[in-house]
Amino acid sequence: MPPVKNTFAPVARPTKESRDATPPGPELSVIVPTRNEHDNVLPVYDALCRTLQGIDWEAIFVDDDSHDGTTEAIYRLASQDRRVRCIQRIGRRGLASACVEGILASCAPYVAVMDADLQHDEQLLLHMLDTLKSEPIIDAVIGSRYVEHGSIGIWNRHRAWLSSLATRMGRSIMRVPITDPMSGFFMLRRETFQRSMRHLSNIGFKILLDIFASSPRPLQVKEIPFQFRERHAGQSKFDALVGWEYLMLLADKVIGHVIPIRFVVFALVGGLGLVVHLAVLWLCLNPMQLTFELSQAMATGVAMIGNFTLNNLLTYHDRRLTGWGYVRGLLSFALICSFGAAANVGIATMLFSQQHSLWWVAGIAGAAMSAVWNYAMTSLLTWHSR
């Protein structure tokens, strides 16, 4: 049999002349996470163009599957200006993880993060960059609302109090005295991020706090004041679930190295589901006078739907399912949990009958086995990250 000829031409290495003709990568990457910010994309771009004249920069918009034409607006800009890029995320969301993906997609030595709603003063980007370039010991420059001459703007008393409380809680897990660990406006060196990136929680919306709490060493920081402005267009994403994600982030930084915080929340939801199960079972058996079989089936169904709904809302808020995805997720959750229930009974029965364990020890062992199985498999199949 004649030898097969290699029909692929060797890849030509770039010559020195071609390398010299190719412009280098950007000096500064500005990461802008977006979700339904169509009316803000062009104003943000214009503001960056006015501010960063003379700087080799790029803007990386990371969009969490917006439905208002945000990605189309970004792509139109990108087709006209190669400094604009878009990362479109499908099936996952969260400001912190969006910032991480944006930074990882950049090769610039300096990286800034700012919101898409123009509440951050883009003119401070030059000051931040000059500080990092002139002071090598500084790891990050933060725009602070709480240093002298900084301001939270026109926030009402309730939001100002919540921000102050969250700030005090954030300081408790940081090893660096920062007045505004909740700031979403900052710039840092690439190597500073790289030292923390493998330990990040990627939960919630406060990536700065995550980076600082995950750093293997205390970071050198400089804070500069800025006036928090009103949102330019669109609606605020601030709600009660944002506060919940922040609490999950703090808890993960405290105990996440021992046990995943998602598992803790998953187990707490399961415990609440047991209470719901018993309550529905009692109602069906007593006031409604139903048979035990029918009562047990109804209690199981209500508890399972409740568990899935709460886990979808709280445990996996950043991957929550909607529409038909919710229905498919509920079916897979029910199927997985049915196997978990079988494992629960099997493990408990084996321990009780063969190992002569106390009944409550056998019961706890079976429940623990079931909880681990349900958490692992639903994370993999029901709320898998795409």
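The values are calculated or read from the model by the stated rules, or taken from the named source; none is laboratory data. No experiment lies behind these values; they were computed from the predicted model shown. As a convention, Cβ positions derive from the backbone with ideal geometry for all residues, glycine included, and neighbour counts pool all protein chains shown. What goes into the accessible areas is simple: the full protein's heavy atoms, side chains included, and nothing from ligands, DNA or RNA. Shrake-Rupley method; radii C 1.70, N 1.55, O 1.52, S 1.80 Å.
Only a single item in (1) open to solvent by less than 90 Å² (accessible area, probe 1.4 Å); (2) at pLDDT 90 or above is not met by Thr22, and it is number (2). For Leu188, the conditions (1) assigned to a loop (DSSP other than H, G, I, E, B); (2) open to solvent by less than 40 Å² (accessible area, probe 1.4 Å) are fulfilled apart from (1). Scanning the stretch 130-148 for residues that are open to solvent by less than 30 Å² (accessible area, probe 1.4 Å) and over 19 Å from Phe193 (Cα atoms) returns Ser144, Arg145. In summary, Gly273 fulfils each of the numbered conditions (1) free of Cβ contacts under 8 Å to residues at least 12 places away in the same chain; (2) closer than 23 Å to Val372 by Cα with the single exception of condition (1).
Against the numbered list (1) open to solvent by less than 30 Å² (accessible area, probe 1.4 Å); (2) modelled with pLDDT of 95 or more, Tyr110 comes up short only at (1).
I need the helices (runs of 4 or more DSSP H) fully contained in the stretch 197-308, keeping only those with at least 3 residues that are farther than 30 Å from Thr131 by Cα and either among the β-branched types (Val, Ile, Thr) or modelled with pLDDT under 80 (or both). Give the derivation first.
Working: elements: 207-214, 240-255, 261-285.
In the stretch 197-308, 240-255, 261-285 are the helices (runs of 4 or more DSSP H) which contain 3 or more residues that are farther than 30 Å from Thr131 by Cα and either among the β-branched types (Val, Ile, Thr) or modelled with pLDDT under 80 (or both).
Does at least one position in the stretch 377-385 carry a residue that is open to solvent by 40 Å² or more (accessible area, probe 1.4 Å), of a type outside the set (Ser, Thr, Tyr), in contact with a helix residue (DSSP H, G or I) (Cβ under 6 Å, 6 or more places away or on another chain) and modelled with pLDDT of 80 or more? Yes; the residues of the stretch 377-385 include at least one that is open to solvent by 40 Å² or more (accessible area, probe 1.4 Å), of a type outside the set (Ser, Thr, Tyr), in contact with a helix residue (DSSP H, G or I) (Cβ under 6 Å, 6 or more places away or on another chain) and modelled with pLDDT of 80 or more.
Return yes when Glu58 is assigned to a helix (DSSP H, G or I), at pLDDT 60 or above and of a type in the set (Asp, Glu) and no when it is not. Show your work before the answer.
Details: assigned to a helix (DSSP H, G or I): no; at pLDDT 60 or above: yes; of a type in the set (Asp, Glu): yes.
Judged against the criteria, Glu58 is not a match.
Among the residues of the stretch 318-341, write down those that are out of contact with any helix residue (DSSP H, G or I) (no Cβ under 8 Å at 6 or more places or on another chain), assigned to a helix (DSSP H, G or I) and surrounded by fewer than 16 Cβ atoms within 10 Å (Cβ to Cβ).
Going through the stretch 318-341, the residues out of contact with any helix residue (DSSP H, G or I) (no Cβ under 8 Å at 6 or more places or on another chain) turn out to be 319, 322-325, 327-328, 331, 335, 338.
Those left that are additionally assigned to a helix (DSSP H, G or I): 319, 324-325, 327-328, 331, 335, 338.
The answer is Trp324, Gly325, Val327, Arg328, Leu331, Leu335, Ser338.
Can you say whether Leu48 is surrounded by fewer than 18 Cβ atoms within 10 Å (Cβ to Cβ), touching a residue at least 12 places away in the same chain (Cβ under 8 Å) and over 24 Å from the mean Cα position of the chain (by Cα), as far as the supplied structure shows? For Leu48, the condition - surrounded by fewer than 18 Cβ atoms within 10 Å (Cβ to Cβ), touching a residue at least 12 places away in the same chain (Cβ under 8 Å) and over 24 Å from the mean Cα position of the chain (by Cα) - is not met.
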